[in-house]
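Structure record follows, encoded as structure tokens.
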Amino acid sequence: MIFSMFETSKKQHCYAVLTIFKLFFLVVLWYNKLMKNQSEPPKIHSLTTQSLPYDELLKTCKELQVQLIQTQTQLTWAMEQIRLLTHQKFGSGSDKVAYPDGSDQLCFFNEPEATADFSVAEPDLDDVLTDARKPRNKKSMGKREKDFSNLPTIVFEHELPESERICPNCSHPLHDMKVEITRLLKFIPARFEVEEHRRHVYTCRECAKHDDGIDLRIPFIRAAMPNTLIPGSFTTPELVAAIINAKYVCAMPLARQQQEFERYSVALSRQTMSNWLLRCAEDYFLLLYQRMREIMLTRDILHGDETTVSVANETDRPATSQSYMWVYCTGVHDETPMVYYDYHPTRSKEAALSFLGTYKGFLHADGYEVYHRLTPDITVVGCLAHVRRGFSNAIKSLSKEEQKRTASYEGVQFCDTIFHIDKKLADCTPAERQQKRLTLLKPVMAAFHDWLVRMKANALPKSYLSDAVNYTLNQWTYLENILKDGRLELTNNRAERSIRPFTIGRKNWVMHNTPEGATASAMIYSLTESAKSNQLKPYNYLVYILKEMANTDLVNYPELIDQFLPCSKTLSPDCYKTS
């Protein structure tokens, strides 16, 4: 179904354009017919004391004034919607906003008080002058050699033939003065190889001479051979890892991989590749997936987020219904970073509790109400980036003239001030960071809250500024939780970054066919994203674990599964990135 959509996308586009023109043509015909029926324009009665009594005239004027205010409010709201949607469609995707001329991003708080540290000794004059003389942004020498240092090198020697090593002036022999080295980077495309395993079987000729078929049995001994990845299949860990890396890391659908394989004269159908992925997910990845869940639920800090996904053949649900992929990841200070994807048909509280039901600790999340109705053991931490986005959207929804006098900039300034102060605490220990946040951030947040309370009474209802103020006040209890632990972050950007590879891939492969396929994708994304978080090369890591797990008895020795996790310290050195 997915691929038929790709084949007919151009036809569907043309059909949609023709449909729009038809609708436009019908609207024009309807409008012309309506205007013909209205032969006379509606009469407008003048409102004077002669036509109406004074009391009734006053009442009518008040009603018209109320209608005018309502119409202006609706028009303002509609124009804000149009400006913001236009910016989201054609403008920059960043939340950055340009401050008006004459304003300072940190203008209403004293930055020296926030950044001063009297424990640091004053530098000597010589050190100051030496630092001032240092050139800025000096280009580092030998960067090309550094970039190529971990790559294999093939040397080509270019020498003069012996017959030409004669001086053109005096005819004496020339000597080799120096070697000029030019380094070029070459790319070698992927290629297929066939592994032919010849397993030798041994027997005893002497026993064969005395074989009576009753007391003596002829021995047949086979040479040892590694287990295949999938019994009865010709696939290998390298091939499956390449397919996974292309689809889940590089966002290349199986249809495009099939076309690329055909260019190498290899006929691998999408169905075959899908079967391999589902089989590996069931036989190998499921064990890692379950173990990752057990480990993550023991952590003190997690991040959570969710996004939509379409599943065509879901039980008792139409193909057009939306399902959800939930993602959880460990905190920034966790020594064993992990990312966990969890597929569910709904966005309900039960879907979140299926993973977080037994969790105790902090959970970074956005303003989605489900996160706030979980168990009492979970302390939800709000996201300041979502708060700032509300005020920046309020600015983007206004015209240039309106932006000069909007109060939304103050909300952005409060958020930027909090970010600015907290950035200065990046090198502190968690205990020191918590203490300094109580000293530096808490007063700023208190002033921010007072400003929000004042703005709630003054902001125009049904405006983006009003929505931003109300959202922030509703989330304030969760935003204040940032002060409870120095390991917490101001934003939930970690979860949003972890879920972005899935959303990029979703644009290409559009939907899943079955819930089993969506669950398998959740397992594979969990492994590939966790591998990247641990500075692993996803392809090399997948090849390693598929080879080793196929030849490891995990049924009788389940404790060995930990050595194959992305955060394991016993992985092959070839799995790690080289910087």
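Since every read-out is calculated from the coordinates, none of them should be taken as a lab result. These figures come from a predicted structure and were not determined experimentally. In this analysis, Cβ positions are derived from the backbone assuming ideal geometry, glycine residues included, and neighbour counts consider all displayed protein chains.
For VAL381, the residues whose amide H sits under 5 Å from its own are LEU363, HIS364, ALA365, ignoring neighbours fewer than 5 places away on the same chain, with H placed 1.01 Å from N.
Shown in residue order for the range 73-81 are the 3J(HN,Hα) couplings computed by the Karplus curve 6.51 cos²θ - 1.76 cosθ + 1.60 at θ = phi - 60°: 5, 5, 5, 4, 4, 5, 5, 4, 4 Hz (x for Gly and Pro).
Backbone geometry of the range 381-395 corresponds, through the Karplus equation with coefficients 6.51, -1.76 and 1.60 at θ = phi - 60°, to 3J(HN,Hα) couplings of 10, x, 10, 6, 5, 5, 5, 5, 4, x, 6, 5, 5, 4, 6 Hz, x marking Gly and Pro.
Going highest first, how would you order 168-175, 369-376 by mean Cβ packing within 10 Å?
Working: 168-175: 7.5, 369-376: 14.0.
The most tightly packed comes first, giving 369-376, 168-175.
Of LYS360/LYS436; LYS423/LYS532; LYS247/LYS577; LYS247/LYS532, which sit over 18 Å apart, Cα to Cα?
Numbers: LYS360/LYS436 26 Å; LYS423/LYS532 25 Å; LYS247/LYS577 20 Å; LYS247/LYS532 15 Å.
With Cα atoms farther than 18 Å apart: LYS360/LYS436; LYS423/LYS532; LYS247/LYS577.
In loop segments of the range 450-537 as defined by DSSP, the trypsin sites (Lys or Arg not before Pro) with at most 14 further C-beta atoms inside 10 Å of their C-beta are LYS462.
Per-residue counts of other Cβ atoms within 10 Å, averaged by peptide: what ranking do you get for 261-273, 535-547, 342-354, highest first? Walk me through the numbers on the way to the answer.
Working: 261-273: 13.1, 535-547: 21.4, 342-354: 17.0.
Per-residue Cβ counts within 10 Å, averaged per peptide and sorted highest first, yield 535-547, 342-354, 261-273.
Distance between the pseudo-spin-label points of ASP562 and VAL155 (7 Å out from Cα toward the beta carbon): 4.7 nm.
How do 396-407, 151-162, 377-388 rank on mean C-beta neighbours within 10 Å, highest first? Please report the intermediate quantities before stating the final value.
Values: 396-407: 14.7, 151-162: 6.9, 377-388: 21.7.
For the peptides 396-407, 151-162, 377-388, the packing ranking is 377-388, 396-407, 151-162.
If you count the DSSP beta bridges with both ends in the range 285-415, what percent of them are antiparallel, to the nearest 5? Around 70 percent antiparallel, to the nearest 5.
Do the alpha carbons of any pairs in LYS59/LYS396; LYS62/LYS456; LYS507/LYS569 sit beyond 31 Å of each other, and which pairs? The partial results should precede the final answer.
Details: LYS59/LYS396 39 Å; LYS62/LYS456 27 Å; LYS507/LYS569 35 Å.
LYS59/LYS396; LYS507/LYS569, as the Cα separations exceed 31 Å there.
For GLY357, the amide hydrogen comes within under 5 Å of no other amide hydrogen, counting only partners 5 or more places away or on other chains and with H modelled in the peptide plane.
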